[in-house]
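First the structure, in the form of structure tokens, and then the observations on it.
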Amino acid sequence: MLFHVRMNVNLPTSMPADEAAQLKQTEKEFSQRLQREGKWRHLWRIAGQYANVSLFDVDSVDELHALLTALPLFPYMQVEVMALCRHPSSIHEDDR
Ligand SMILES: O=C(O)C[C@H]1C=CC(=O)O1
């Protein structure tokens, strides 16, 4: 199942710089593991914003929820999810 996910990150300005850097590093390692596993299929930065657009390929809504809520930055994110299905005109066989 494919999901388009937008994540807006809002770290508190009061967070110490070294804590923020550690959190971002942990998030990076977590996200790259999910990308290598094929669960997090695409990840793009939204230009000019501390936000991303991602494509997740998971087995269920429950799995997506578990992955998103396990993200180290999750407590500081606003997350929007759109479920995707195959477009009848798509030429990409893996669009499902
Ligand atoms: O920077 C972000 O967009 C938030 C998050 C998503 C992947 C990652 O490494 O950090």
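At 7 Å along Cα-to-Cβ for each site, give me the label-to-label distance between SER60 and GLN25 in nm.
Between SER60 and GLN25, the simple spin-label model gives 3.6 nm.
Modelling each spin label as a point 7 Å along the Cα-to-Cβ direction, I'd like the VAL81/TYR50 distance in nm, to one decimal.
Taking the simple label geometry, VAL81 and TYR50 are separated by 2.4 nm.
So, R0 is 22 Å and r is the distance between the beta-carbons of GLN32 and HIS92; what FRET efficiency does that work out to, to 0.05?
So, using R0 = 22 Å, E works out to roughly 0.40.
Express the relative contact order of the chain as a whole percentage, based on alpha carbon pairs under 8 Å and six or more residues apart in sequence.
In percent, rounded to a whole number, it is 47.
Under the Karplus relation 6.51 cos²θ - 1.76 cosθ + 1.60, θ = phi - 60°, what is the ordered set of whole-Hz ³J(HN,Hα) values for region 81-96, x standing for Gly and Pro?
In residue order, the calculated couplings are 10, 10, 6, 10, 10, 5, 8, x, 9, 5, 9, 9, 5, 8, 7, 7 Hz.
For region 2-10, take each phi angle, set θ = phi - 60°, evaluate the Karplus expression 6.51 cos²θ - 1.76 cosθ + 1.60, and give the result in whole Hz per residue in order, putting x for glycine and proline.
Using θ = phi - 60°, the values come out as 9, 9, 8, 10, 10, 10, 9, 9, 10 Hz.
Hey, can you grab everything whose amide H is under 5 Å from the amide H of ARG41? Only 5+ residues off in sequence or another chain; H modelled, so Pro and N-termini drop out.
Amide H neighbours of ARG41, under 5 Å, 5+ apart: LEU55, PHE56, ASP57.
Rounded to the nearest 500 deg cm²/dmol, what is the calculated helix-only ellipticity per residue at 222 nm for the chain, with -39500 (n - 2.57) per DSSP H run of length n ≥ 4? Before the final figure, lay out the partial values.
Details: 2 runs with 30 residues, N = 96.
The per-residue figure over the chain is -10000 deg cm²/dmol.
Every number here is computed from the coordinates shown, using simple stated rules; none is lab data. Owing to the predicted nature of the structure, the values given are computational and were not obtained by experimental measurement. Cβ: placed from backbone, ideal geometry, glycine included. Neighbour counts: every protein chain shown.
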